[in-house]
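Let me begin by presenting the structure, written as structure tokens, before commenting on it.
The values are calculated or read from the model by the stated rules, or taken from the named source; none is laboratory data. This structure is a prediction, so every number in the text was calculated from the model and none was measured. Ideal geometry is used to build each Cβ from the backbone, glycine not excepted, and the neighbour counts take in all protein chains shown.
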Amino acid sequence: MRLLLLPSLAAVSVLAACAKPEPAPEPIRAVRTVTVSADAAGGVREYAADVRARTESRLGFRVGGKLVRRHVDVGSAVRAGQVLAQLDPQDLRLGQDAARAALVAAQANHDQIQADFQRFKELRDQGFISSAELERRDTALKAARAQLDQAKAQASVQGNQAAYSALLADANGVITAVEAEPGMVVAAGTPVLRLAHDGARDVVFSVPEDQVDLMKAMAAQPGRFKVRLWGATGEPLPAQIREIAAAADPVTRTFVVKADIGSDASKSVRLGQTATMVVELPKSVGINKLPLSALKEEQGRTIVWVVDPSSMTVKAQPVQIAGADGNDAVVTAGLAPGQVVVTAGVHVLNPGQKVKLYADPTVAAAATTAMATAVTAK
């Protein structure tokens, strides 16, 4: 009997050694949470901005040449028609003189051919020449007249070219940049100066791509935008969105927004002054704020983990985000009042995982100490 029992025990031992051990139960994670409230959420958003002229021109010469003089500097106030810079006009004047000489020659040739035509016409009337010969003289006169017109036009062009050696201000304003110095050889159209025109001023700021739609929606609501000038006292200035860029800046990948502050306020602000654009968001029920740590990207969508109080398990809940407000995310859809959302450790959770609410040791110790003190006092 013992001999039969020994092989059986050995087989059981081998099978037990080959069996896979049972996996350890998944630990119950302690999570920080926040309860979604039904309060209306609103608030403000602030953007760094600066004051710029509504119209800013880059001025350049209409002809090429060597820059010999610049009469203004950055910050100079100029008037319309004022000479700002000067090219070397020598070659242009020589071209003008050549055009004038060509005009004189064309005029003399035209006068000579016209006089000949009159004499040949009289000879034809007397029968000394044929009509065909007179027609040839008429054709020569027309060609001479065309050459005269061409010479007049060329003389006018050369006169204009000579005048273009002086760069004039198009309007009253302030020089905001100098891009060429005396001694440089500039081509036609090369920017030399930058002129900010007097008049309306814009407050310019940039917003990220996910806030462009919000800016467009707020632009249609009066009173949502205010400008706070740095270093200035008094109430913020009301502003109205005038323009939102259609394409993102290739470097910063943000969209430029321009706000009008009105003609009266434009007189009191300085070009380049730093400002803060304050956007007042409307208060709407259903808009909630969650810490950014509560969000998780999964399969191209944003989710949060919602705790089921009855089973103390978590499930993924897709939400819609309208943007960020400091360290909080603005949630516009996907949550209901009373839901408990996990705010920390979201990247280590799985659907249906058991969790427990995190208890702050400091708070727990304080509660224990207070209870012990109360018992001792009794």
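Residue under question is Thr233, and the condition is that it be of a type in the set (S, T, N, Q) and more than 16 Å from the chain's Cα centre (by Cα); does it hold?
The answer is yes for Thr233.
How about region 237-248: which of its residues are closer than 25 Å to Val174 by Cβ and either in contact (Cβ under 8 Å) with a residue 60 or more places away in the chain or assigned to a loop (DSSP other than H, G, I, E, B) (or both)?
If the condition is that a residue be closer than 25 Å to Val174 by Cβ and either in contact (Cβ under 8 Å) with a residue 60 or more places away in the chain or assigned to a loop (DSSP other than H, G, I, E, B) (or both), then Ala245 is the only one that fits.
Just to be sure, is Arg201 surrounded by 15 or more Cβ atoms within 10 Å (Cβ to Cβ), over 30 Å from Asp88 (Cβ atoms) and not hydrophobic (A, V, I, L, M, F, W, C)?
Answer is yes for this residue.
Six or more apart or on different chains, Cβ atoms under 8 Å: show the pairs whose first residue is in region 328-353 and farther than 15 Å from Pro291 by Cα and whose second is charged (D, E, K, R).
Val348/Arg29; Leu349/Arg29; Pro351/Lys315; Gly352/Lys315; Gln353/Glu26; Gln353/Arg29
Looking at region 1-103, what strands (runs of 3 or more DSSP E) fall wholly within it and have at least 3 residues that are modelled with pLDDT of 90 or more and in contact with a strand residue (DSSP E or B) (Cβ under 6 Å, 6 or more places away or on another chain)?
Those strands (runs of 3 or more DSSP E) span 44-53, 56-60, 65-70, 83-87.
Please verify whether Val227 is in the same structural domain as Ser263 (by TED's automatic domain parsing), over 14 Å from the mean Cα position of the chain (by Cα) and surrounded by 13 or more Cβ atoms within 10 Å (Cβ to Cβ), treating the condition exactly as stated.
In short, yes.
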